[in-house]
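Following: one structure in structure tokens, then a few remarks.
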């Protein structure tokens, strides 16, 4: 099982445990991100160890190749000095270090390939954590909106109960009853307090001063030309006086002459 496979299984186990116990989604998401960051730190440490091993193998291979070259120069020096026996021994050492260097280099190649895979996996893990951080804000906003909608629905549900509206109606009826009682008390106080005779004449005077609806309608029809206009008061008064004078002359025909 690979390094990141173990991290992935551990992370999934922790997340599933958090989800099963979660009461506050925001806290749960924060905890998940904290766990992911913790696993990322451990992964970085493991990748760093792998890269260090890769560098160590490279150094060992380079060291073996360098010693192989050194023994090769010594063999050449021994040949120049006519010491073939020493030259043969130097060549044996040269071959041994060369073989070791080639083995180290092969191992280094494998380690380098594995290190590159680990670094790529680490980059992917880091990118996913950054994406999770960005998604967290969106998920928290969606959760808050869902909670707000739930609270609104609960409020509307409580308001839809008949008891609340019935209580409101009873309160409205009580207020109207109080208003009627206050108005009635005020009328009684006004009617049975003070000089009742003077108040009666004031009401009579107000009634006499008002124009009836019939008179208003008659005046409106006259204004519109639907009825003849009423005779002027002065002319009507003059005609009355004239009639009285004629009647007087008829009853006492000789009095005017005598006077």
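The values are calculated or read from the model by the stated rules, or taken from the named source; none is laboratory data. Keep in mind that this is a model prediction, so the values were computed, not measured. All Cβ positions, even for glycine, are placed from backbone atoms using ideal geometry, and neighbour counts span all protein chains on display.
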Residue in the range 104-124 that is within 60 Å of the chain's Cα centre (by Cα) and over 30 Å from residue 60 (Cα atoms) present: yes
Test: residue in the range 12-21 that is modelled with pLDDT of 90 or more, more than 25 Å from residue 116 (Cβ to Cβ) and either part of a helix (DSSP H, G or I) or not assigned by TED's automatic domain parsing to the domain that holds residue 110 (or both): no
Criterion: in contact (Cβ under 8 Å) with a residue 60 or more places away in the chain and either in the same structural domain as residue 108 (by TED's automatic domain parsing) or touching a helix residue (DSSP H, G or I) at 6+ places or on another chain (Cβ under 8 Å) (or both) - qualifying residue of 46, 60, 67, 89: 46
Options 34, 53, 24; residue that is surrounded by fewer than 13 Cβ atoms within 10 Å (Cβ to Cβ) and either farther than 15 Å from residue 128 by Cα or modelled with pLDDT under 75 (or both): 24
Residue tally, condition surrounded by 17 or more Cβ atoms within 10 Å (Cβ to Cβ) and closer than 12 Å to residue 108 by Cβ, over the range 56-85: 6
